[in-house]
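The values are calculated or read from the model by the stated rules, or taken from the named source; none is laboratory data. All figures in this text were calculated on a predicted structure; none of them were measured in a lab. We place every Cβ from the backbone using ideal geometry, glycine too, and count neighbours over all the protein chains shown.
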Amino acid sequence: MPTRTAVFGAGSWGTAFAFVLADAGCEVTLWARRPEQVDAINTTARNPDYLPEVVLPPGITATTDPVLAAKDADFAVLTVTAQTLRSNLERWAPHLGEDTVLVSLMKGVELGTAKLMSEVLAEVANARPDRIAVISGPNLAGEIVRRQPAASVVACASPAVAEHLQAACRTPYFRPYTSTDVIGCELGGAVKNVIALAVGIADGQGLGNNTKASLITRGLAETTRLGRAMGADPQTLAGLAGMGDLVATCSSPLSRNHTFGANLGRGLTMSETVAVTNQTAEGVTSCESVLALAARHGVEMPITKTVVDIVHGGKPPQAAIRELMSRSAKPEHD
């Protein structure tokens, strides 16, 4: 009997991961908000709003009914934007089975509470640690649906659950590794969006590879400092869910956060950049949450603060980068 999966969210990454699950032999129900999107997926095997050129594999059915999507699901994969998880999950949780594993593909930190997505899942769905999993890694949706080789990390407090999920999403082109470091995987995914904004801003200003490499490397240092303070394993942040995801997101034109930052760096205002952005750039909101999380744990994150100053404080990118470069000299490693 095939593994039954529900994917809540039919954006680019939700659609791409449904694609992976179907290729892995799962029975997939893809929940989408708009009836016209559901009709298109069911009748044409295409998602016209996201990845419209991609023909979806057999085994994917779309619905607007969260009850139907959740029915008998072994895994409920959540791919909505980080800031809408709480309100959506409050509606969906009563329909999920007591043993359904909640799988977060979201890469953000909740605004206001500074909670990781796993914490929101535990709180709203009253889910045990062995019912909460995270998948994170260098997984750009546009490459995944072309079946280009990629790897990722499946993290859960229960190794058995992580292995079950690993088997459910393993394909010849998608190689998941297991981990029990949920916090490390989540932080890597959330903070890399903020660093990608910084790299995008630098690229938009015409700065070179030295700048990019410096931001990526020091961005990883910031992430690792916060991870240590929160109990994450530094090896996680040196791996696929940390460095791997950071490199992909900071380097690819497919990255929404990098593109958003590049538009700011080119001189577009915040409102102009939002207007030309078709999809959510999680780092735009989560940068404030990440900075709040760092303050809570007494961790210094200067690149993250610089991004917040530019995106939410209105500071000109050139001035913000000058301030970042003029910070006092110190050893590379704490």
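The sole residue among Gly204, Gly189 that is within 30 Å of Met325 (Cβ to Cβ) and crowded, with 22+ Cβ neighbours inside 10 Å is Gly189.
Conditions (1) free of Cβ contacts under 8 Å to residues at least 40 places away in the same chain; (2) assigned by TED's automatic domain parsing to the domain that holds Val55, marked per residue:
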{"position": "Ser118", "(1), (2)": "no, yes"}
{"position": "Pro138", "(1), (2)": "no, yes"}
{"position": "Arg175", "(1), (2)": "yes, yes"}
{"position": "Asn210", "(1), (2)": "yes, no"}
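Residue under question is Gly200, and the condition is that it be touching a residue at least 60 places away in the same chain (Cβ under 8 Å) and part of a helix (DSSP H, G or I); does it hold? So Gly200 fits the description; yes.
Note on region 291-334: residues that are without any contact (Cβ under 8 Å) to a residue 60 or more places away in the chain, surrounded by 15 or more Cβ atoms within 10 Å (Cβ to Cβ) and of a type outside the set (A, V, I, L, M, F, W, C) total 3. Note on region 277-290: among residues that are surrounded by fewer than 21 Cβ atoms within 10 Å (Cβ to Cβ) and touching a helix residue (DSSP H, G or I) at 6+ places or on another chain (Cβ under 8 Å), the one that is modelled with the highest pLDDT is Glu288. Taking the criterion of being among the polar types (S, T, N, Q) and either at pLDDT below 95 or under 22 Å from the mean Cα position of the chain (by Cα) (or both), the residues of region 62-91 that qualify are Thr79, Thr81, Gln83, Thr84, Ser87, Asn88. Within region 1-48, which residues are of a type in the set (Val, Ile, Thr), touching a Cys at 6+ places or on another chain (Cβ under 7 Å) and closer than 16 Å to Val145 by Cα? Of everything in region 1-48, just one residue is of a type in the set (Val, Ile, Thr), touching a Cys at 6+ places or on another chain (Cβ under 7 Å) and closer than 16 Å to Val145 by Cα, namely Val20.
The single condition among (1) within 14 Å of the chain's Cα centre (by Cα); (2) assigned to a helix (DSSP H, G or I); (3) free of Cβ contacts under 8 Å to residues at least 40 places away in the same chain that Glu186 does not satisfy is (3).
All of (1) farther than 25 Å from Gly137 by Cα; (2) free of Cβ contacts under 8 Å to residues at least 24 places away in the same chain; (3) among the aliphatic types (A, V, I, L, M) hold for Ala70 with one exception: (2).
Looking at this structure, is Ala62 in contact (Cβ under 8 Å) with a residue 12 or more places away in the chain and part of a helix (DSSP H, G or I)? Even if it seems obvious, please write down each step before you answer.
Values: in contact (Cβ under 8 Å) with a residue 12 or more places away in the chain: yes; part of a helix (DSSP H, G or I): no.
No.
Each row is one residue, and each column tells you yes or no for (1) among the β-branched types (Val, Ile, Thr); (2) in contact with a Cys (Cβ under 9 Å, 6 or more places away or on another chain).
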| site | (1), (2) |
| --- | --- |
| Val145 | yes, no |
| Val154 | yes, yes |
| Ala157 | no, no |
| Val161 | yes, no |
| Thr178 | yes, yes |
| Gly204 | no, no |
| Gly208 | no, no |
| Ile216 | yes, yes |
